[in-house]
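Read the structure below first, then the notes.
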Amino acid sequence: MRLAMTGRQPDPTDYPGRCSMDRRFFLRLSAMAAATSLARWQFPVAALAGKSAGELDVIVVGAGLGGLTCAAYLARNGFKPLLLEQYHMPGGYASSFTRPSDKGDFTCEVSLHSSSFHAPSMAAMLTDLDLWDKLDMAEHPSAWSSRFPDFSLSVPAKAGLDGFERQLTALFPDQAAGLARYFAVWRGVQEETARLDAELPGMDKSRFPKVFKNLWYIHDKSIGQVVDDHIDDPALKAVLTQSCGYYGLPPSRLSAFFYLEPTAQYLRYGGAYLKGTSRTLSEALANAIINAGGVIKYGARVDSILVEKGRAVGVKTADSAEYRASAVVCNASAPQLFGSMLPAGTLPGEAQQKIDTYTYSPGSFIVWLGLGQDIAPRFPDGELSFYRSTDMEAGYKYAMACDFEHAGFSLMVYDSLVPGFSPRGCTSISIITLCDASHWQQFEADYLAGRNDAYHAEKARLTDLLISQVEQHAIPGLSKMIVMKESATPLTNLRYTRNPAGAIYGYNQTVDNSFMSRISNKTGVPGLYLASAWGNPGGGYAGAMLGGKSAFRDLAKALIHTA
């Protein structure tokens, strides 16, 4: 049912049948309320008084941002974590590498374009772990810089919801009434989320739809549905949903809450890039673990979780080494954990069936280029997104099919934010688009077996196709500037992270696995927790790190209670 454009605020009674709330739904609300207080939660270190060193050891599987964050919180709060990582360095997707050229070595950033490090939740974590002053950040001048076929748009950094609304109202004056309603909902979601933790406990659950009417209105909606309820201009719809790709889904499938909440944070606090690449964050977290007494072992691939009497008690690595502890935190992919690392039948059947319904986020196709010319002055915004039309749904489908002639792309010019990022007189750029793993399934077995000819031919074809699109729409003469070229596919992601389908955001943030219904970091197996993009709240730098802190809070409370 679509809300009539009457100019009034959405009310639960506009949606017959949606005001009944069962006990399970209210329990999910309670979990959501607890999550809203996570950023300011502090562990009572005094609770560890009298505990002997090593008494509360925890094993963390995987040194992605979630695992690193959890282990760092553990170590800095009196626990002794052992972090096991299959690769030879920390970070997962939060990393970088170099490639040579006759102009010098070029740095290739694996994933980071921009993140809202100044938002309260992220700033609080970096401060908690004593990392805030150890990271050097380059601020983005724009929140978004977008190019559509018939118009362009740059949203100033830290414009906030008010500035964004004013800008859009000036661009689309005939949509002013709809924009006012849409932004009222958006502000309402922000305001209600902020007071959820304080007001929900003890509340008669039947009052929730009235007291938190905006959260109730969006709780089972995609962002596409929310926009459709208020806006009828296709171009404006595209602008309002243009960042859906950064969350891995088209507007019709992406949870409204998961889009509105972090996007508002980004608009208010702006985005930044880490000088020295995202690898500096990963290494800073690793150092925080070691300096606080934790242990990290690289080249240690965990193949199975040890379960005794229904409780996780340790892990077994690929070389048959066993490590035991009071709890296990898994930063490896949840499908890998639930599908092969746990003994069969460990999870209750209903829980396993529910997990099996979740879908994986798409992978990515990335091209890194070193250019023999300095083109940074042409791109003062640093990052731009190019769309072939205002139809976000069609653009997503083209990207999934690797039809790069019709899909959009994002362009990152690192030297615009970090002068000297590249060799003198040169420029480093990356081109990224989402991409579904199904296109690459035909090559997977041979790729993993080292038979790469067909795979490399297809990767080269698509690399050149994407470069040609950038040359046509963004950087004339690009192909003649290239002195270094590298690219990666979903199979690259699979190889380095073991994420199934090369997923970059964990489980999709669909309405049935986001917000209040997102999979819990408590796995249902005593002593076993999730700390990754696959868990709660989900993907992205802030999401993965918050997942790590959430796992720490849950397991620390449990360990203290049972000690």
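The values are calculated or read from the model by the stated rules, or taken from the named source; none is laboratory data. As the structure is a prediction and not an experimental result, all values here were calculated from the model. No Cβ is skipped: glycine too gets one built from the backbone with ideal geometry, and neighbour counts run over all protein chains shown.
Given (1) among the small types (G, A, S); (2) at positive phi; (3) not assigned by TED's automatic domain parsing to the domain that holds G543, where does G78 come up short, assuming only one miss?
Only one criterion is unmet by G78, namely (3).
Given the conditions (1) aliphatic (A, V, I, L, M); (2) touching a Phe, Trp or Tyr at 6+ places or on another chain (Cβ under 8 Å); (3) touching a residue at least 60 places away in the same chain (Cβ under 8 Å), and given that A184 satisfies all but one, which numbered condition is not satisfied?
Every listed condition holds for A184 apart from (2).
Inspect the range 345-364 for any residue being closer than 24 Å to N493 by Cβ and touching a Ser or Thr at 6+ places or on another chain (Cβ under 6 Å) and give the result as yes or no.
Taking the range 345-364 and keeping what is closer than 24 Å to N493 by Cβ, we get 355-364.
Adding the requirement that they be touching a Ser or Thr at 6+ places or on another chain (Cβ under 6 Å) leaves none.
Within the range 345-364, not a single residue is closer than 24 Å to N493 by Cβ and touching a Ser or Thr at 6+ places or on another chain (Cβ under 6 Å).
Would you point out the residue of the range 69-105, among those that are touching a residue at least 12 places away in the same chain (Cβ under 8 Å), outside any loop (DSSP other than H, G, I, E, B) and hydroxyl-bearing (S, T, Y), that is nearest to G370 (Cα to Cα)?
Just the residues of the range 69-105 that are touching a residue at least 12 places away in the same chain (Cβ under 8 Å), to begin with: 69-97, 99-105.
Among the residues that remain, those that are also outside any loop (DSSP other than H, G, I, E, B) are: 69-76, 81-85, 91, 96-97, 99.
Next, only the ones that are hydroxyl-bearing (S, T, Y) stay: 69, 73, 96.
Details: T69: 32, Y73: 38, S96: 14 Å.
Looking at residues that are touching a residue at least 12 places away in the same chain (Cβ under 8 Å), outside any loop (DSSP other than H, G, I, E, B) and hydroxyl-bearing (S, T, Y), I get S96.
Out of (1) over 24 Å from the mean Cα position of the chain (by Cα); (2) within 22 Å of A503 (Cβ to Cβ); (3) free of Cβ contacts under 8 Å to residues at least 24 places away in the same chain, the odd one out for H406 is which?
The one condition H406 does not meet is (2).
Among S422, S428, which is in contact with a helix residue (DSSP H, G or I) (Cβ under 9 Å, 6 or more places away or on another chain), farther than 30 Å from G535 by Cα, part of a strand (DSSP E or B) and at pLDDT 95 or above? If you could, list the steps in order and put the result at the bottom.
On the way: S422 fails: part of a strand (DSSP E or B).
Unique residue meeting the criteria: S428.
When the range 323-372 is examined, which residues are found to be of a type in the set (S, T, N, Q) and free of Cβ contacts under 8 Å to residues at least 40 places away in the same chain?
Narrowing the range 323-372 to residues of a type in the set (S, T, N, Q): 326, 331, 333, 336, 340, 346, 352-353, 357, 359, 361, 364.
If the condition is that a residue be of a type in the set (S, T, N, Q) and free of Cβ contacts under 8 Å to residues at least 40 places away in the same chain, then S340, Q352, Q353 are the ones that fit.
Quick one: count up the residues across the range 114-137 that are part of a helix (DSSP H, G or I), touching a residue at least 24 places away in the same chain (Cβ under 8 Å) and either in contact with a Leu (Cβ under 6 Å, 6 or more places away or on another chain) or not basic (K, R) (or both).
6
Would you confirm, using the coordinates I've provided, whether G178 is small (G, A, S) and touching a helix residue (DSSP H, G or I) at 6+ places or on another chain (Cβ under 7 Å)? Full working, then the answer.
On the way: small (G, A, S): yes; touching a helix residue (DSSP H, G or I) at 6+ places or on another chain (Cβ under 7 Å): yes.
Here the answer is yes, as G178 does meet what is asked.
Residues to consider are A235, A264; find the one that is under 17 Å from the mean Cα position of the chain (by Cα), under 16 Å from L179 (Cβ atoms) and surrounded by fewer than 23 Cβ atoms within 10 Å (Cβ to Cβ). Spell out how you get there, then give the answer.
Numbers: A235 fails: under 17 Å from the mean Cα position of the chain (by Cα).
Criteria check complete, one pass: A264.
Mind checking which pairs have a first residue in the range 512-529 that is outside any loop (DSSP other than H, G, I, E, B) and a second that is surrounded by 24 or more Cβ atoms within 10 Å (Cβ to Cβ) and of a type in the set (V, I, T), Cβ under 6 Å, 6 or more apart or different chains?
L528/V328; Y529/V329
Considering (1) of a type outside the set (G, A, S); (2) loosely packed, with under 15 Cβ neighbours inside 10 Å; (3) in a helix (DSSP H, G or I), say which one P149 fails and leave the rest.
Every condition holds for P149 apart from (3).
Within the range 550-557, is even one residue of a type in the set (A, V, I, L, M, F, W, C) and over 12 Å from C70 (Cα atoms)? Explain how you work it out, then say what you get.
Quick first cut of the range 550-557, residues of a type in the set (A, V, I, L, M, F, W, C) only: 551-552, 555-556.
From the residues that got through so far, the ones that are over 12 Å from C70 (Cα atoms) too are none.
No, the range 550-557 has no match at all.
Do any strands (runs of 3 or more DSSP E) entirely within the range 229-308 hold 1 or more residues that are over 17 Å from G62 (Cβ atoms), and if so, which? Show your work before the answer.
Working: elements: 272-274, 295-298, 302-308.
Ranges flagged: 272-274, 302-308.
Taking S96 as the residue in question, decide whether it is touching a Lys or Arg at 6+ places or on another chain (Cβ under 7 Å) and surrounded by 17 or more Cβ atoms within 10 Å (Cβ to Cβ). So that I can check it myself, show each step before the final result.
On the way: touching a Lys or Arg at 6+ places or on another chain (Cβ under 7 Å): yes; surrounded by 17 or more Cβ atoms within 10 Å (Cβ to Cβ): yes.
Taking the combined requirement at face value, the residue satisfies it.
Could you please tell me which pairs satisfy a Cβ distance under 7 Å, a separation of 6+ or placement on different chains, a first residue in the range 168-179 that is touching a residue at least 24 places away in the same chain (Cβ under 8 Å), and a second residue that is acidic (D, E) and assigned to a helix (DSSP H, G or I)?
L179/E165
Among the residues of the range 329-354, what is the count of those that are surrounded by 22 or more Cβ atoms within 10 Å (Cβ to Cβ) and outside any helix (DSSP H, G or I)?
Residues flagged as surrounded by 22 or more Cβ atoms within 10 Å (Cβ to Cβ) and outside any helix (DSSP H, G or I) within the range 329-354 amount to 5.
Of all helices (runs of 4 or more DSSP H) completely enclosed by the range 436-498, which ones contain at least 3 residues that are closer than 26 Å to F379 by Cβ? Please lay out each step first, then the result.
On the way: elements: 441-448, 453-473, 478-481, 490-497.
Passing ranges, in order: 453-473, 478-481.
Can you pull out the residues in the range 184-220 that are surrounded by fewer than 19 Cβ atoms within 10 Å (Cβ to Cβ) and either among the hydrophobic types (A, V, I, L, M, F, W, C) or within 21 Å of the chain's Cα centre (by Cα) (or both)?
Selection gives A184, Q190, A194, A198, M203, V211, D220.
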